[in-house]
Amino acid sequence: MTIPNMITIMRFVLVPGVVLAMLQGRWDWAFAGFLIAGISDGVDGFIARHFNQFSQLGAYLDPMADKLLLVSVFVVLGFIGELPLWLVITMVSRDALIVCAVVLSTVMAHPVEMKPLFVSKANTAIQIGLAAVVLGELALAIDLDPLRPMLILLSGVLTVASAAAYLVAWLRHMSGYGEGSKPGT
């Protein structure tokens, strides 16, 4: 068990606390928990890189912790009307599509190696920024218009683009295209 893995596990533990704070309208606590999770994500990455503490477990846990927090925050913000439901549904559907594709390819004995695409990294960064802006607005009782609507639109576009990019990559992988053989052989 490496230090980065322990920090990542702490992020998993933070998720229910952030969600509970949101559901109770304790925006200060929710925002603080979200910020702590974000800072700890950077810290565990720094420690892993600079002190050679990479692990296979960490390679799986780290993105899972990030995704669990982000999806949970988006679902609650959508549920209470702070984010449009179309965006929450698009985000959750994209993630479900990716999970189903990975599971299906594994079941079919053609496992796919998940490599984050640039559009996916940009999408995640915008989603984190959007969640932070909304939580910050609620915690600090401020209005950051037109930032929130702009981030909502950008997040929607990038979520769809990311889903399409992953779908194309998965279809190529499953057909054998780009893996040293021609399609259909």
Taking the chain and counting helices only, DSSP H stretches of n ≥ 4 at -39,500 (n - 2.57) each over all residues, the nearest-500 ellipticity at 222 nm comes to -27500 deg cm²/dmol
Any chance you could run the full-extension gain for residue 165 through residue 118? It's 0.36 nm times the residue separation minus the Cα-Cα distance, nm to one decimal. 15.9 nm
Mean Cβ count within 10 Å, highest first, over the residues of peptides 169-176, 74-81: 74-81, 169-176
Once R0 is set to 22 Å, what does the formula 1/(1 + (r/R0)^6) return for the Cβ-Cβ distance between residue 36 and residue 92, expressed as a FRET efficiency to the nearest 0.05? 0.35
Send over the per residue convex hull volume for region 98-154, Cα only, as a whole number of Å³. 89 Å³
How big is the C-alpha Rg of region 1-77 next to the rule-of-thumb value 2.2 N^0.38 Å, as a ratio? 1.12
If you add up the charges near residue 119, with Lys and Arg at +1 and Asp and Glu at -1, over every other residue whose beta carbon is less than 15 angstrom from its beta carbon, what do you get? +2
Between residue 125 and residue 141, the two model label points (7 Å from Cα along the beta-carbon direction) sit apart by a distance in nm of 3.4 nm
Give the relative contact order (percent, whole number) for the chain; include only Cα pairs under 8 Å separated by 6+ residues. 23 percent
Could you do me a favour and compute the accessible area per residue for the chain, 1.4 Å probe, result in Å²? 57 Å²
Option label - mean projected area of the Cα convex hull in nm² computed here, alternatives (1) 10.7; (2) 13.1; (3) 12.0: (3)
On full extension of the chain, what length is gained from residue 24 through residue 157, given 0.36 nm per residue of separation minus the C-alpha to C-alpha distance? 44.8 nm
So for region 88-185, using the alpha carbon gyration tensor with a ≥ b ≥ c as root eigenvalues (a/c under 1.5 gives rounded; past that, a/b versus b/c decides prolate or oblate), I'd call it prolate
Roughly how many whole Å is it from the C-alpha centroid of region 17-93 to that of region 101-158? 11 Å
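The values are calculated or read from the model by the stated rules, or taken from the named source; none is laboratory data. Predicted model only: the values in this text are computed from it and were never measured. We place every Cβ from the backbone using ideal geometry, glycine too, and count neighbours over all the protein chains shown. The accessibility values were calculated without ligands, DNA or RNA, using every heavy atom of the protein model including side chains. Shrake-Rupley method; radii C 1.70, N 1.55, O 1.52, S 1.80 Å.
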